1. Largest first and to the nearest Å, give the Cα extent of the protein assembly as shown along each principal axis.
2. Return the sequence-ordered ³J(HN,Hα) values of segment A:69-78 in whole Hz as given by the Karplus equation 6.51 cos²θ - 1.76 cosθ + 1.60 applied to θ = phi - 60°, using x for Gly and Pro.
3. How many angstrom separate the Cα center of segment A:77-134 from the Cα center of segment B:73-94?
4. Could you go through segment B:41-50 in sequence order and give the Karplus-derived ³J(HN,Hα) for each residue, using 6.51 cos²θ - 1.76 cosθ + 1.60 with θ = phi - 60°, rounded to whole Hz, and x for Gly and Pro?
5. On a 27 Å Cα-Cα criterion, which of the cross-link pairs A:K293/B:K47; A:K47/A:K111; A:K181/B:K293 come out too long?
6. For segment B:67-130, state what percent of all Cα-Cα pairs lands in each successive 5 Å bin, counting from 0 Å until the bin that includes the largest distance.
7. Find every distance from the label point of B:D179 to the corresponding label point in the other copies (7 Å from Cα along Cα→Cβ) and write them in nm, one decimal, shortest first.
8. In terms of the Cα gyration tensor, with a ≥ b ≥ c the square roots of its eigenvalues, is segment A:166-263 rounded because a/c is under 1.5, prolate because a/b exceeds b/c, or oblate?
Protein chains: 2
Amino acid sequence: MESSSTSPFTLLHRSGECRARCGIVTTPHGQIKTPVFMPVGTQATVKAVTPEELEQLGAQIILGNTYHLFIRPGRELIKQFGGLHSFMNWQKPILTDSGGFQIFSLKKLAKITEEGAAFQSHLDGSKLFLSPEDVVAVETDLGSDIMMVLDTCIPWPASREETENATALTARWARRSKDVKPETGQLLFGIVQGGMYPELRKQAAQELIDIGFDGYALGGLSVGEPKELMYEMTEATVQHLPESHPVYLMGVGTPEDLVESVFRGVDMFDCVMPTRNARNGMLFTSRGRLVIKNSIFKNDQRPPDEKCGCYTCRNYSRAYLRHLFMCREILAYQLNSIHNLHYYCSLMAGMRNAIEEDSFLSFRDTFYAMRDQSSE
Amino acid sequence: MESSSTSPFTLLHRSGECRARCGIVTTPHGQIKTPVFMPVGTQATVKAVTPEELEQLGAQIILGNTYHLFIRPGRELIKQFGGLHSFMNWQKPILTDSGGFQIFSLKKLAKITEEGAAFQSHLDGSKLFLSPEDVVAVETDLGSDIMMVLDTCIPWPASREETENATALTARWARRSKDVKPETGQLLFGIVQGGMYPELRKQAAQELIDIGFDGYALGGLSVGEPKELMYEMTEATVQHLPESHPVYLMGVGTPEDLVESVFRGVDMFDCVMPTRNARNGMLFTSRGRLVIKNSIFKNDQRPPDEKCGCYTCRNYSRAYLRHLFMCREILAYQLNSIHNLHYYCSLMAGMRNAIEEDSFLSFRDTFYAMRDQSSE
């Protein structure tokens, strides 16, 4: 119906070499430079780091999860605190995932109907229900800067019929979500489904554009499909999205995925990988990955990444991090998380810089060349 | 034999009202104002806090554990790093416990002989041995500022004969430890045993004074005996120690224990309580203890302690801390640990100030009066 006459996105520079671009997304809690990685703070905390540490390592925006926060501590409690920012002591922008993916992950505990999603709490089994309108209302109470609509996530593989039905339902839910968008200045993003069918992706994108959102997300990717298929679907979707609006690839991914997706025109990312892998002792570096418990690091006095300027690399050795990890000391999770998040945020900053200098392809080449070297 | 002609202790002020006193202990890594609480960093980290956070919350010195570090990561590794300070990124003083208490805790896994302690690693069961000389050598390699001698900890209750034998062995070990004290400027403290027998405590103190140490610790207390007996033994020991030297009560204790023991002339303390209780969701406040998972805190927007200026209390509510704890989020352990350690360090600072102003008894009265009020 309505066209996207206003957009929170300001394009700063488009690569002359590929679809990569950099810009600014303006939200109620400030501006975000894109391409951007959003650390995941599912339960009102990015695991094992303080908000001040997040700022210092370069995080511009974090992600919270409507599903989890709805279940615990509940929307009313967070509303009493004036929203998620105040509750968790984070004053920069927050994007809230709608819970579509989490409900999808519940499988047998969830039932999707036209009205919405009925599901059982993963905590106590209590029966709960969220309609698309409920999700926007909860996100409004959370004080989210960027609210994601409720969508239906499609597994891989899925038949064309299953994909068509779920994509159509997502579109109808998107319309209902837009109809209850509050007048608060909070942004609302639509989510493009369409499975692994390019023409369904195109159709889904067009339906969302017709409704009109502040930004467009690619959902239903990184659900087990091969990398090449994910990149193909990203391309097949991004080309049908308006250049005037931010593009967000949900739940992705590895450092390579980020580079490949920025190359294909994506502006925003989130993924648990840097924090989850940190807690499992895996460190991302410019030269590749370190599994810190590896005995080769027992006496290694070097920082995790000699090219890294993060708090962890400035102050601690691989040997000390290995010791902490072997002892299951909480500081291991703290220091590893700081490093990995810094790596992700720095990678994005490097890409922004390369795009501005029109040297993204060269950046990408160097990125891969570095990683072919062994860091061990 | 030799008298304690030099001492690292400078007495600044003695209370006119009781045995409480304040002073300075000078170590290779700087000066410590006493009375002082030493956060416990058993495995080369104070659990869940960074060194910078420790400094900010007022920690002047931390404790490391020779037994644990000897087993993992090993003395050679830490020596390669130039000592514990460099390994763990802490540049203020470190006191290392000798491992006597840990070996005592191993019970069936340990065998004490005249020569030293044979024990099995709690990690892999490997057979290990530490003589009193070995312990000083390991502590020298660790770069400890204050090295504790190996002692034999006596259980409670224990017969007079058992106590006499163990105390005599501790004295012989103390002599052997002193004989191998390095010429590095590192301080060496003796440990007074004597169980719950005042005359054995007196005798043990005199034997250690005759050997001559840089400071004197009270060992074998807080091993299950009633509080009153612990305070009685503290008094019975402290009165026989030289006023010229620092007095350290090992492994103690609650906030009340600290106040009562400073009252009785103790200068130094360590205890796992602030950090361990933090991880169990128990917060120390000026008004008493909060069990943060208690449902009365569900909507409580107040900080843990309205009189506290710590990072946690400046930025977070009881409701948020409860939420984090219920979610088992790592940030719960971080924030609770910062608060509890700040509470302990502030309590010591308050006592130092009161002693200097000759108002320690009034401080103690206020301390108890505050705690009689409910914070809930």
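1. Answer, in whole Å and largest first: 95, 58, 44 Å.
2. After applying 6.51 cos²θ - 1.76 cosθ + 1.60, I find 6, 5, 6, 7, x, x, 5, 5, 4, 5 Hz.
3. If we compute the Cα centre of each part, the gap is 46 Å.
4. These are the phi-based 3J(HN,Hα) values: x, 2, 9, 6, 7, 7, 3, 6, 10, 8 Hz.
5. A:K47/A:K111; A:K181/B:K293
6. In order of increasing distance, the bins hold 4, 16, 25, 20, 15, 12, 6, 1 percent.
7. Label point to label point, same position, other copies: 9.2 nm.
8. prolate
The values are calculated or read from the model by the stated rules, or taken from the named source; none is laboratory data. Quick caveat: nothing in here was measured; it's all calculated off a predicted structure. Every residue, glycine among them, receives a Cβ derived from its backbone with ideal geometry; neighbour counts consider all protein chains shown. For accessibility, only protein heavy atoms count, side chains too; no ligands or nucleic acids. Shrake-Rupley method; radii C 1.70, N 1.55, O 1.52, S 1.80 Å.
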